[in-house]
1. Quick check: is even one residue across the stretch 101-108 within 16 Å of the ligand (Cβ to nearest atom) and surrounded by 14 or more Cβ atoms within 10 Å (Cβ to Cβ)?
2. Which count do you get for residues in the stretch 212-259 that are over 15 Å from Thr27 (Cβ atoms), buried (at least 18 other Cβ atoms within 10 Å of the Cβ) and of a type in the set (Ser, Thr, Tyr)?
3. Looking only at residues that are surrounded by fewer than 22 Cβ atoms within 10 Å (Cβ to Cβ) and free of Cβ contacts under 8 Å to residues at least 60 places away in the same chain in the stretch 161-176, which one is nearest to the ligand (Cβ to nearest atom)?
4. Confirm whether Arg139 is charged (D, E, K, R), within 28 Å of Ala202 (Cα to Cα), assigned to a loop (DSSP other than H, G, I, E, B) and more than 16 Å from the ligand (Cβ to nearest atom).
5. Within the stretch 204-211, is there a residue that is in a helix (DSSP H, G or I), in contact with a helix residue (DSSP H, G or I) (Cβ under 8 Å, 6 or more places away or on another chain) and within 14 Å of the ligand (Cβ to nearest atom)?
6. Does any residue of the stretch 58-67 turn out to be surrounded by fewer than 12 Cβ atoms within 10 Å (Cβ to Cβ) and away from the ligand (no atom under 16 Å from the Cβ)?
7. Looking only at the stretch 212-233, which residues are away from the ligand (no atom under 13 Å from the Cβ), part of a helix (DSSP H, G or I) and not aliphatic (A, V, I, L, M)?
8. Report the residue count in the stretch 6-20 for those that are in a loop (DSSP other than H, G, I, E, B), touching a helix residue (DSSP H, G or I) at 6+ places or on another chain (Cβ under 9 Å) and within 13 Å of the ligand (Cβ to nearest atom).
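The values are calculated or read from the model by the stated rules, or taken from the named source; none is laboratory data. Keep in mind the model is a prediction, meaning the values are calculated, not measured. In this analysis, Cβ positions are derived from the backbone assuming ideal geometry, glycine residues included, and neighbour counts consider all displayed protein chains.
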Amino acid sequence: MKIVIANWKMNVGVRESVALARASLLTLRGRKVIPELVICPPFVALSEVRKVVARSSAAIGAQNLFWEPTGSHTGETSSRQLLELGVSHVIIGHSERRTQLGETDEMVNKKVLQALSEQMTPILCVGESKGEREAGEARAVVETQLATALRGVRLHGNARLLIAYEPVWAIGAGESASVGDVIEMHRFIRSILANLFPDAPAGQMAILYGGSVDGENAYRFLRESEVDGVLVGGASVKINQFKEIVEAAAEVLEAQRPE
Ligand code: PGA
């Protein structure tokens with residue numbers, strides 16, 4: 001399994017999103033095997049992007065949701081509203097929301113529970129800051145984030161849970177984490193998930209890396225069996241970069257196919 005998630009953040013408007021969605025889908029053309037592609041446009045572009053993506057294998061993700069299904073929550077968006085727009089995935093706990101808007105692990109937990117209760121797939125983001133890594137606290141920080149965010153979570157039926165390991169210092173920095181550090185952290189996260197969900201079948205959970213993934217380094221991450229995919233920010237709105245990332249994922253999948 002290889003998953004490529006495009007997080008367009010607040011970087012594109014509606015018209016640009018439509019063009020980018022079309023171009024992103026073209027990157028899948030002519031391939032024998034393709035990665036799972038999840039496109040996460042800004043909220044304002046969701047319904048237009050849905051029209052573009054409708055008859056493709058790509059899925060649409062939102063960049064956030066609120067933890068109540070309905071009610072007086074000015075400016076918020078619920079999972080029910082997102083489902084109406086054909087949104088199947090949702091990014092939760094992105095570090096930009098944690099640092100810029102004060103989103104806490106408790107809020108993240110409520111959002112994960114809400115998403116799963118409506119059969120949406122959470123893309124739960126975790127990761128340490130530079131200071132925490134330098135202080136040797138990276139694992140402890142990620143463990144706490146996961147323990148709180150996944151409190152009370154049960155994975156019923158065909159529910160899926162995607163974890164994006166995104167070290168805060170590597171996001172938008174132009175410099176990714178090292179492959180070795182990523183593998184080590186993914187193993188650690190996998191062991192935590194195995195403890196929390198001992199009966200989960202293979203494929204129900206996936207661990208992705210995010211943080212300055214680009215056309216040049218994507219293959220190095222994606223070829224690792226510990227890395228189920230990548231969450232791409234800046235390079236996902238640069239179509240030439242994004243094409244290379246999708247090609248890297250497809251190449252890895254093709255190499256894994258039995259003769
Ligand atoms: P980046 O962002 O690829 O621009 O580092 C990743 C993310 O924020 O999800």
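1. Looking for residues that are within 16 Å of the ligand (Cβ to nearest atom) and surrounded by 14 or more Cβ atoms within 10 Å (Cβ to Cβ), one finds at least one in the stretch 101-108, hence yes.
2. 1
3. Ala173
4. no
5. no
6. Among the residues of the stretch 58-67, not one is surrounded by fewer than 12 Cβ atoms within 10 Å (Cβ to Cβ) and away from the ligand (no atom under 16 Å from the Cβ), which makes the answer no.
7. Tyr219, Arg220
8. 3
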